[in-house]
Amino acid sequence: ELFGHERGAFTGATSKHAGMMREADGGTLFLDEIGELPLTLQVKLLRVLQERLVRPVGSAAETSVDVRILAATNRDIEAQVADGSFRRDLYYRLNVIRLEVPLLRERMEDLPVLVDTFLRRFAKEQGKPVASLTKEAFRLLSQYEFPGNIRELENIIERGVALASGRHLGVGELPDCVLGAPVSSRHGGFE
């Protein structure tokens, strides 16, 4: 997927595939969950980043690429570097500009905007008239800790829109994890 392959390079390779690195040439490639990349691929990725050359599987020829890498992880990469499961040299190659995004539970002031964005998107995708949450549904969401972060909120809203029968997503459309959530130490502010 990253480096491409030639036709016939392996069983099932019925056509040539450019690979994500060559497809992103001149642009940016987003690598999500970089902390889960196996060491064997870390070596290959490091080589491409250092030399700016890609060799597809089954090819003797290398192609030059100019790709900016944007990588994300929810793992403690420094701990992985320390325990040897993430290459130190790759870490330093990727760690040019570091952005740390706080967990949703640490920035609940973003909840109204995120809920509105997800509501609009899923209402449109599902062709449903859902326009808002009831006050009680929003109160319960605002007290939930979101262990799955924004992706969990997104799934909760998608599920709620799918189950909603009117213009409002109510308590009945929220999953049990939100309904049984312990009350957070945060108080109100989301009316």
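The values are calculated or read from the model by the stated rules, or taken from the named source; none is laboratory data. None of these values were measured; they are calculated from a predicted model. When we count neighbours, we look across all protein chains shown, and the Cβ atoms used for this are built from the backbone with ideal geometry, even at glycine. Only protein heavy atoms, including side chains, enter the accessible area calculation; ligands, DNA and RNA are left aside. Shrake-Rupley method; radii C 1.70, N 1.55, O 1.52, S 1.80 Å.
From the set of residues in the stretch 36-77 that are in a strand (DSSP E or B) and under 17 Å from residue 5 (Cα atoms), which is least open to solvent (accessible area, probe 1.4 Å)?
Filtering the stretch 36-77 for residues that are in a strand (DSSP E or B) and under 17 Å from residue 5 (Cα atoms), the one least open to solvent (accessible area, probe 1.4 Å) comes out as 54.
Considering only the stretch 14-35, I want to know if a residue exists there that is out of contact with any strand residue (DSSP E or B) (no Cβ under 8 Å at 6 or more places or on another chain), over 21 Å from residue 97 (Cβ atoms), in contact (Cβ under 8 Å) with a residue 12 or more places away in the chain and open to solvent by 90 Å² or more (accessible area, probe 1.4 Å).
No, the stretch 14-35 contains no residue that is out of contact with any strand residue (DSSP E or B) (no Cβ under 8 Å at 6 or more places or on another chain), over 21 Å from residue 97 (Cβ atoms), in contact (Cβ under 8 Å) with a residue 12 or more places away in the chain and open to solvent by 90 Å² or more (accessible area, probe 1.4 Å).
Considering (1) in a loop (DSSP other than H, G, I, E, B); (2) in contact with a helix residue (DSSP H, G or I) (Cβ under 8 Å, 6 or more places away or on another chain), say which one residue 123 fails and leave the rest.
(1)
Checking residue 11 against (1) closer than 22 Å to residue 94 by Cβ; (2) not in a helix (DSSP H, G or I), which test does it fail?
So the condition that residue 11 fails would be (1).
Quick one: is residue 152 over 20 Å from residue 110 (Cα atoms), without any contact (Cβ under 8 Å) to a residue 60 or more places away in the chain and not polar (S, T, N, Q)?
no
Do you know which of the residues in the stretch 126-154 that are assigned to a helix (DSSP H, G or I), at pLDDT 95 or above and of a type in the set (Lys, Arg) is nearest to residue 100 (Cα to Cα)?
If we take residues in the stretch 126-154 being assigned to a helix (DSSP H, G or I), at pLDDT 95 or above and of a type in the set (Lys, Arg), then 139 is nearest to residue 100 (Cα to Cα).
Look through the stretch 78-91, keep the residues that are part of a helix (DSSP H, G or I) and over 20 Å from residue 21 (Cβ atoms), and return whichever of them is most open to solvent (accessible area, probe 1.4 Å).
Residue satisfying both the conditions and the ranking: 88.
Could you look through the stretch 155-165, keep only residues that are over 19 Å from residue 106 (Cβ atoms) and not in a loop (DSSP other than H, G, I, E, B), and pick out the one that is farthest from the chain's Cα centre (by Cα)?
Among them, the one singled out is 163.
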